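This report concerns only the one structure given below.
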């Protein structure tokens, strides 16, 4: 029983479920962030306050952090296991069949995690009282950050990498769950591509608009 619970297949399956759960959060986050484009801070701050205080959301927040922790820890474990199983690089003519996106998932994931920590520092830690700031006026916090060119460049670069990460993560998660089909798999791949373009593009649009036009 323990071999099943802690096997690589189980970890991949759990990692896929955690990743898909996180994917459901991004559209909501984007929808709320689009309120930053409004000239008045009320709608965004009201939405941010609701997300920070509503009991059901707080429960989902705990589940989300658990999903992030599981996804990261299992991803690192599986990558290290793959490296150890292939300690010698492939010689010419004996290439791996691993996709281009798969080879760089660990690195794009690491960069996204670094940005996520920065994001928590600028927003979530303020809500917890760890970092100084007004948790009732995240509208001003966000606008002030997007006035910093370096922050925008980092923000846009990370969301570009997020697009690559999301495309492979979305598609491979369904494969890991065993949902392979000659008709539906290509459909899932198209949906993954659309999702991986629209979500990062939406966040990038907010960053560029606030940086250059506000």
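The values are calculated or read from the model by the stated rules, or taken from the named source; none is laboratory data. This structure is a prediction, so every number in the text was calculated from the model and none was measured. Here the Cβ is made from the backbone with ideal geometry for all residues, glycine too, and neighbour counts use every protein chain on show.
Side notes on the structure shown:
- Only a single item in (1) modelled with pLDDT of 90 or more; (2) over 24 Å from residue 214 (Cβ atoms); (3) touching a helix residue (DSSP H, G or I) at 6+ places or on another chain (Cβ under 7 Å) is not met by residue 155, and it is number (2).
- Meets criteria (at pLDDT 95 or above and at negative phi) for residue 205: yes
- Meets criteria (within 30 Å of residue 103 (Cα to Cα), surrounded by fewer than 19 Cβ atoms within 10 Å (Cβ to Cβ) and modelled with pLDDT of 90 or more) for residue 137: no
- Checking residue 207 against (1) more than 26 Å from residue 69 (Cα to Cα); (2) surrounded by fewer than 17 Cβ atoms within 10 Å (Cβ to Cβ); (3) within 19 Å of the chain's Cα centre (by Cα), the condition it does not meet: (2)
- Test: residue in the stretch 166-174 that is in contact with a helix residue (DSSP H, G or I) (Cβ under 7 Å, 6 or more places away or on another chain) and more than 26 Å from residue 115 (Cβ to Cβ): no
- Those residues of the stretch 163-200 which are in contact (Cβ under 8 Å) with a residue 40 or more places away in the chain and farther than 16 Å from residue 21 by Cα, in sequence order: 164, 200
- Just one of the listed residues (19, 75, 93) is over 27 Å from residue 174 (Cβ atoms) and either modelled with pLDDT under 95 or in contact with a helix residue (DSSP H, G or I) (Cβ under 9 Å, 6 or more places away or on another chain) (or both), namely 93.
- Of all residues in the stretch 158-179, those that are modelled with pLDDT of 90 or more and not in a helix (DSSP H, G or I) total 0.
- Within the stretch 123-138, at least one residue is in contact (Cβ under 8 Å) with a residue 24 or more places away in the chain, in a helix (DSSP H, G or I) and under 21 Å from residue 38 (Cα atoms).
- Residues that are under 22 Å from the mean Cα position of the chain (by Cα) and surrounded by fewer than 19 Cβ atoms within 10 Å (Cβ to Cβ), drawn from the stretch 38-48: 47
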